[in-house]
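The values are calculated or read from the model by the stated rules, or taken from the named source; none is laboratory data. Given the structure is predicted, the values throughout are model-derived calculations rather than measurements. Here the Cβ positions follow ideal geometry from the backbone for every residue, glycine too, while neighbour counts run over all protein chains shown. Each accessible area value is taken on the protein alone, full model and side chains, heavy atoms only, with ligands, DNA and RNA left out. Shrake-Rupley method; radii C 1.70, N 1.55, O 1.52, S 1.80 Å.
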Amino acid sequence: MDDQRLIGRLNAVPAREVWRHEALDFTPWLLDNADVLSEVLGLDLELDAAEHAVGDFSLDLIGRDRLSGDLVIVENQLEPSDHTHLGQIMTYAGGTDAAHVVWVAPSFRPEHRRALEWLNERTDEATRFFAVEVKVVRIGDSPYAPLLSLAVQPNDWGKQVRTRAVQRSGTTWSPEDLMPAARAEATPAVADAIGALIEAHNRLGPDAGLYYGAAQAPSVTATMVAGSLRTQPWSIFTHRGVVWTLNLDWIHKQGRVLSADFMESLAAELGDLPGLAAAFESGRSVGWRRRPTIAADPLFTHPGAVERIASAMDRLFRELQATAAPLSLGPS
């Protein structure tokens, strides 16, 4: 057989042929394939929300870099870059105080590349702007393959990524690290509340654990296991202030863990606490595929908030166990 017949041609495909609608197709794909964006950016992305509210506007995606704990925002489009989206990323950057601002598009006009380069030159090292070009290719009738590449990145970014990877490789925080970090970043009342929430989680038993991450600052994520079911209902980050994330998508997992009815009951139980009404509403609007971030203060200083959250987590754990329990076939 002629080996030349085994070699196909790589053909470019318009992005609109793959993702027909930006908000309904492209944004959810990025949310579900954060690893693809992580690889090109040199970050360890955890994207936790779609259509995140910033004032009267909606940011496409928001999340964190697990390595540093830094906030990351992503604005995407399926047409060449335009002035509208440039204005949007500036609005969203100011409204979220993001450390990494990412703009994804099939191509970028020279003027927009220069605008992002200028921002990288003029802002401090804690704020970084990226332009990511997304292309799609295929060979014959093969599946579509995304090709992402950096069109704009901060000066010396590649060197910073390699340095961070060496410094943090294989390292995770410990329980002894978290509380000093919380006390350094928050009021004593908030730090005490965090300690109480962790103690309540530990009382759930050996199948309810805590994972202390490898971010730049200490963090902790609650875990629960029942049979083949596993969820991570909440996380606490201590980088640039203390925040609590309610991991709605990890609780629901599109119905593969807990049901939509349970999610609604959780919203009814906790929705009147500070910041949680908006969190549940934003989750409900996208089928619970969000991990909204809530400021630890005023949430944890609200009277009875920690006790109520702990009670809700206890109920969640029992529901998880009941869902995982094998069905009885009854007498034969």
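Odds and ends about this structure:
- When segment 277-318 is filtered for residues that are open to solvent by 70 Å² or more (accessible area, probe 1.4 Å) and over 24 Å from residue 186 (Cβ atoms), the ones remaining, listed by number, are 281, 284, 285, 318.
One line per residue, one yes/no per condition, for (1) under 26 Å from residue 322 (Cα atoms); (2) among the charged types (D, E, K, R):
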residue	(1), (2)
183	no, yes
189	no, no
199	yes, yes
202	yes, no
207	yes, yes
213	no, no
249	yes, yes
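- Pair list, Cβ under 8 Å, 6 or more apart: segment 189-218 residue outside any loop (DSSP other than H, G, I, E, B), other residue aromatic (Phe, Trp, Tyr) and modelled with pLDDT of 95 or more: 189/300; 190/300; 193/300; 194/300; 197/300; 208/317
- In the set (1) of a type in the set (Phe, Trp, Tyr); (2) open to solvent by 30 Å² or more (accessible area, probe 1.4 Å); (3) in contact with an Asp or Glu (Cβ under 9 Å, 6 or more places away or on another chain), residue 211 fails one condition alone, (3).
- Checking residue 268 against (1) touching a strand residue (DSSP E or B) at 6+ places or on another chain (Cβ under 9 Å); (2) more than 25 Å from residue 191 (Cβ to Cβ), the condition it does not meet: (1)
- Among residues of segment 147-178, those that are outside any helix (DSSP H, G or I), open to solvent by less than 70 Å² (accessible area, probe 1.4 Å) and at pLDDT 90 or above, counted: 5
- Residues of segment 114-134 that are of a type in the set (D, E, K, R), modelled with pLDDT under 95 and surrounded by 14 or more Cβ atoms within 10 Å (Cβ to Cβ): 117, 128.
- Here segment 52-66 is the region considered, the condition is being open to solvent by 60 Å² or more (accessible area, probe 1.4 Å) and in a strand (DSSP E or B), and the residue that is modelled with the lowest pLDDT is 53.
- Residue, nearest to residue 220 (Cα to Cα), within segment 67-90, restricted to residues that are in a strand (DSSP E or B) and at pLDDT 90 or above: 72
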